[in-house]
Amino acid sequence: MSTKNPFDLSDMLKKFDATAMTEQYKEFFGKFNMPNLDMTALKEAQNKNVQAMTAANRAMLEGTQALMKRQSEMLKQVVSEASEAAKSLGSSANNPQEAIQNQIKMLEKSVSEALANFAEISEMVKNTQDETTKVMTTRFNDSMAELRATIGKLKPEGGKDAG
């Protein structure tokens, strides 16, 4: 039975070849007569992009694993409490008023715990999303700055500065 995580992009990223990507960029930008384009910078940028995607993927995977672990713990707790509640209700079967009071207490406790669990899970999901978004936003902003810097270094055909 396969337990492969559908969120794990590491296999895909292992196949990523920054050198081949750089050659594709050279070929593409070569059509626009930009012979002094810094291909090393482009390669480094692509490596940083892959690192950011890997970090974001890792954050999602870790967040998903933590969420699944916590949900499992919550389920075990609910089953244990349901078992205890059944025993408790059985012991008060001779007194209907006591049985009703116990049921009300258990209902209140169950709803309160369910709402607390929901809030906890929501917070875990939010934190994972925030971390992933931060990694990707930071890399995007850095990438745009790198692109601006690279373009700023380009010289017009003939090798003379534009200014």
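For the residues Asn47, Asn36, the requirement of being modelled with pLDDT under 80 and open to solvent by 40 Å² or more (accessible area, probe 1.4 Å) singles out Asn36. Looking for something modelled with pLDDT of 90 or more and of a type in the set (Asp, Glu) - is there at least one such residue anywhere in segment 60-78? Yes, that holds for at least one residue. Scanning segment 67-79 for residues that are exposed (fewer than 14 other Cβ atoms within 10 Å of the Cβ) and of a type in the set (A, V, I, L, M) yields Met68, Leu75, Val79. Name the single residue that is farthest from Val50 (Cα to Cα) among those in segment 118-132 being free of Cβ contacts under 8 Å to residues at least 40 places away in the same chain and open to solvent by less than 80 Å² (accessible area, probe 1.4 Å). Only one residue tops the list, namely Ala119.
Could you check segment 80-100 and list, in sequence order, the residues that are open to solvent by 90 Å² or more (accessible area, probe 1.4 Å) and either in contact with a Phe, Trp or Tyr (Cβ under 8 Å, 6 or more places away or on another chain) or assigned to a helix (DSSP H, G or I) (or both)? Across segment 80-100, the qualifying residues are Glu84, Lys87, Ser91, Gln97, Ile100.
The values are calculated or read from the model by the stated rules, or taken from the named source; none is laboratory data. Note that the structure is predicted; figures quoted are calculated from it, not measured. Every residue, glycine as well, gets a Cβ built from its backbone with ideal geometry; the counts of neighbours run over all protein chains shown. Remember, those area values only see protein heavy atoms, side chains included, never the ligands or the DNA or RNA. Shrake-Rupley method; radii C 1.70, N 1.55, O 1.52, S 1.80 Å.
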